[in-house]
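Engineer: Mind looking over this structure? Questions follow.
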Amino acid sequence: MEWLKQLRTTSVKKSIPGLLLFVIAAAALLFFSKCYGVFGMLSPKTFSELTPETLNGAFVDDDVPVIYDYYLEEVKTKNGRTVGTVSRQYIIDLDDELYYMGLYAHDGAMKDANEMMQACEKALNGELDPAELPVYHVRGMIRAMTEEDLGYYREYTDGLDMDEYFLPYYLEVEYINGLPIVLSWILLGVAVLLLGLGIWPVIKALTGGFQKQVRAKLSESGSLEAEAERAERFYESAPETCGVRMDRNYVFFQNGAESILLRPWDVAWAYQSTTQHRTNGIPTGKTYAAILRTMDGKQYTLGMKEAEVQTLLETMASTLPGVVLGYDKELERLYKENRNAFRQRWEEKLPELGQTRGFSGGGSL
């Protein structure tokens, strides 16, 4: 069974590039979106737990005791007219009025923030008992203000001569690292999915999952171990033509990481596929592949150069005499409607391989 172990190693090697690609994609997504910040939700902080040194990057889930005013408003305009408010940035207490910071509320969070600000204003003017202030609960990540936002913040606080107490951070309500919390979770899920898509083929390769078809084909002829030894001798002796090994007993090739083993009479039809690529309607090149269609209705696409496709088809013509070569629409129709015609052709050609195998009738080619 050493041959199967060798195939497993080949599958692992062919899975590595895909793993690297998915890992790079996941790492790029995590790096640029910073969606990993959602893990801060697992251990949220309250304002009282934070100090000026521990603010940046902290995820807060707590009540805001006081909103004083807003220092920045982003509006939406149409034809030069304001048609709505997109966001507001407010000044709030961090701790018992010693330190202050910003609160960044987007459209969905502004209603409650505005109501809280108005209630606080009434309380400061003696129009509302402080005990009757509403509870304004927020959650979100604290981050450093952007340079532009900080400019507006300092413009508002400059006349107070208390810059050291107005900290250059804001809590962005329902946001993490500049992204909505829901979107951050979705992006994190996508990153995990990308990692899974990269890791799964490697796990499958390590456990021999890409040799499942080979083992099933070997088992059709009796003892798996005995047939595997026979197939291994074929693999070592049969010449390889453009990635495909074939003789009168077997046909073998790698379809990506998956190992494929067929009996010659399993292959019904083979032909060249040519794909013309265009950019903005302008031809940019062609790619080629050898298409193998089997008796059980499966199709294998083996990408290679045009000359290699022709070399492979020529080799198949001499090594696998029962395979129908070349494409036309009538063969496509016949393959879909009456595959027994392809079996009949192999029945007639098997003696050339020194083989005998019974097929059901049903037409001929």
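Engineer: Conditions first: (1) open to solvent by 50 Å² or more (accessible area, probe 1.4 Å); (2) under 22 Å from L98 (Cβ atoms); (3) in contact with a helix residue (DSSP H, G or I) (Cβ under 7 Å, 6 or more places away or on another chain); (4) at pLDDT 95 or above. D163 passes all but one, so which condition is the exception?
Structural biologist: So D163 meets the others, but not (4).
Engineer: Then there is this: If you check L160 against the conditions, is it free of Cβ contacts under 8 Å to residues at least 12 places away in the same chain and more than 37 Å from the chain's Cα centre (by Cα)? Give the steps one after another, and end with the answer.
Structural biologist: Details: free of Cβ contacts under 8 Å to residues at least 12 places away in the same chain: yes; more than 37 Å from the chain's Cα centre (by Cα): yes.
It is true that L160 is free of Cβ contacts under 8 Å to residues at least 12 places away in the same chain and more than 37 Å from the chain's Cα centre (by Cα).
Engineer: Within the stretch 296-335, count every residue that is within 34 Å of the chain's Cα centre (by Cα) and either over 21 Å from G243 (Cβ atoms) or not aliphatic (A, V, I, L, M) (or both).
Structural biologist: Of all residues in the stretch 296-335, those within 34 Å of the chain's Cα centre (by Cα) come to 296-306, 308-309.
From what is left, the residues that are either over 21 Å from G243 (Cβ atoms) or not aliphatic (A, V, I, L, M) (or both) are 296-301, 303, 305-306, 308.
Count: 10.
Engineer: Something else: Of the residues that make up the stretch 91-106, is at least one more than 22 Å from G57 (Cα to Cα) and either touching a residue at least 24 places away in the same chain (Cβ under 8 Å) or among the polar types (S, T, N, Q) (or both)?
Structural biologist: At the first step, the residues of the stretch 91-106 found to be more than 22 Å from G57 (Cα to Cα) are none.
So far as the stretch 91-106 goes, no, none of its residues is more than 22 Å from G57 (Cα to Cα) and either touching a residue at least 24 places away in the same chain (Cβ under 8 Å) or among the polar types (S, T, N, Q) (or both).
Engineer: Scan the stretch 180-224 for residues that are farther than 20 Å from A257 by Cα, among the small types (G, A, S) and in a loop (DSSP other than H, G, I, E, B) and jot them down.
Structural biologist: Passing the criteria: S221, G222, S223.
Engineer: OK, next. Out of all the residues in the stretch 279-327, which are assigned to a loop (DSSP other than H, G, I, E, B) and farther than 19 Å from R263 by Cβ? Step through it out loud before you land on a result.
Structural biologist: The initial filter retains those residues of the stretch 279-327 that are assigned to a loop (DSSP other than H, G, I, E, B), namely 280-281, 295-298, 305, 320-323, 326-327.
Selection gives N280, G281, K305, G326, Y327.
Each row is one residue, and each column tells you yes or no for (1) assigned to a helix (DSSP H, G or I); (2) touching a Phe, Trp or Tyr at 6+ places or on another chain (Cβ under 6 Å).
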| residue | (1), (2) |
| --- | --- |
| I24 | yes, no |
| L29 | yes, no |
| T51 | no, no |
| S87 | no, no |
| Y100 | no, yes |
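Engineer: I'd like to verify a number: residues in the stretch 133-149 that are without any contact (Cβ under 8 Å) to a residue 40 or more places away in the chain and under 12 Å from Y104 (Cβ atoms), how many?
Structural biologist: 1
Engineer: Of all residues in the stretch 115-142 being small (G, A, S) and open to solvent by less than 80 Å² (accessible area, probe 1.4 Å), which is nearest to L171 (Cα to Cα)? Steps first, please.
Structural biologist: Step one: of the stretch 115-142, the residues small (G, A, S) are 119, 123, 126, 131, 140.
Next, from what is left, pick out any that are open to solvent by less than 80 Å² (accessible area, probe 1.4 Å): 119, 123, 126, 140.
Values: A119: 20, A123: 23, G126: 28, G140: 6 Å.
Per the criteria, the residue is G140.
Engineer: Pull out all pairs, ordered by first then second residue, where Cβ-Cβ is under 8 Å, the residues are six or more apart or on different chains, the first lies in the stretch 282-300 and is over 18 Å from Q254 (Cα atoms), and the second is open to solvent by less than 40 Å² (accessible area, probe 1.4 Å).
Structural biologist: That search, which allows pairs on different chains as well, returns M295/W265; M295/D266; M295/V267; M295/A268; M295/F342; D296/D266.
Engineer: Would you check if there is a residue in the stretch 40-62 being surrounded by fewer than 20 Cβ atoms within 10 Å (Cβ to Cβ) and within 20 Å of L160 (Cβ to Cβ)?
Structural biologist: Yes, the conditions are met somewhere in the stretch 40-62.
Engineer: Another question, then. Out of V202, V190, V267, I need the residue that is over 26 Å from the mean Cα position of the chain (by Cα) and touching a residue at least 24 places away in the same chain (Cβ under 8 Å). Which one? Spell out the reasoning first.
Structural biologist: On the way: V202 fails: over 26 Å from the mean Cα position of the chain (by Cα); V190 fails: over 26 Å from the mean Cα position of the chain (by Cα).
Result: V267 is the single residue among V202, V190, V267 that is over 26 Å from the mean Cα position of the chain (by Cα) and touching a residue at least 24 places away in the same chain (Cβ under 8 Å).
Engineer: Sticking with this structure for a sec: Do the conditions hold for Y99, that is, is it open to solvent by 90 Å² or more (accessible area, probe 1.4 Å) and closer than 27 Å to G37 by Cβ? Full working, then the answer.
Structural biologist: Values: open to solvent by 90 Å² or more (accessible area, probe 1.4 Å): no; closer than 27 Å to G37 by Cβ: yes.
Here the answer is no, as Y99 does not meet what is asked.
Engineer: Next question. Go through (1) open to solvent by 50 Å² or more (accessible area, probe 1.4 Å); (2) of a type outside the set (A, V, I, L, M); (3) farther than 30 Å from L98 by Cβ; (4) touching a Gly at 6+ places or on another chain (Cβ under 7 Å) one by one and return the number of the condition E174 breaks.
Structural biologist: (3)
Engineer: Just the residues that are of a type in the set (A, V, I, L, M) and in contact with a helix residue (DSSP H, G or I) (Cβ under 8 Å, 6 or more places away or on another chain), please, taken from the stretch 303-338. Reasoning before the result, please.
Structural biologist: Keep residues of the stretch 303-338 that are of a type in the set (A, V, I, L, M), which gives 304, 307, 309, 312-313, 316-317, 320, 323-325, 331, 334.
Correct list: M304, L320, V323, V324, L325, L334.
The values are calculated or read from the model by the stated rules, or taken from the named source; none is laboratory data. Since the model is a prediction, treat every value here as computed from it, not as a measurement. All Cβ positions, even for glycine, are placed from backbone atoms using ideal geometry, and neighbour counts span all protein chains on display. To get the accessible areas, we keep the full protein, side chains included, count just its heavy atoms, and leave off ligands, DNA and RNA. Shrake-Rupley method; radii C 1.70, N 1.55, O 1.52, S 1.80 Å.
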